[in-house]
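Student: First the structure, then my questions, so here it is.
None of the figures in this text is laboratory data; all of them are computed from the coordinates on show. The shown structure was predicted, so the numbers you read here are calculated from the model rather than taken from an experiment. Note: ideal-geometry Cβ built from the backbone for every residue, glycine included; neighbour counts use all protein chains shown.
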Amino acid sequence: MNSLLREYKLMEQIHRSLIDYYELPVVDIKAAKRFYETVFGWEFIDEGRDCCNYANRRMVLSLTTMHPSKQEYRLPVIYVPDIENVTRLITANGGLITLQPYDVPCGRSFHFQDPNGNELIAWTEIATPAQLWKRRINSVE
């Protein structure tokens, strides 16, 4: 195995199954964005009228009106390299897919419950190996 392929596989293992994205349901994106920008100095990138994201080297915080929530807790979002495989693993191990895979600005996502009824979100990006490699290099700087 050549060294580039070995590094790519290592990077894939490091990124696999990390909680790297947190979604906060909001009613008014402009007001929420203004709050986080003012209080924490975060700069958001608009991803359409229903979503904006703040990113640092470890995670993304997304403010969204796409999934209004009445629950008193927020959903952790877990990166997975293969949505189809993970949905099969979830159902095979007693979990339940609560929202089938759907497109998001950066890739694909779905919601699921673990066997205890905890709801989470899983997502994967649509990226080339070169984009993933660039992310790996930037994360160690």
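Student: Return the FRET efficiency for the residue pair Arg49, Asn93: r is the Cβ-Cβ distance, R0 is 35 Å, and the value is rounded to the nearest 0.05.
Tutor: Efficiency computed from Cβ-Cβ geometry: 0.40.
Student: What FRET efficiency do you get for Arg108 and Lys30 if R0 is 41 Å and r is their Cβ-Cβ distance, rounded to the nearest 0.05? Walk me through the intermediate numbers first.
Tutor: On the way: r = 27 Å, r/R0 = 0.66.
In this case the efficiency is close to 0.90.
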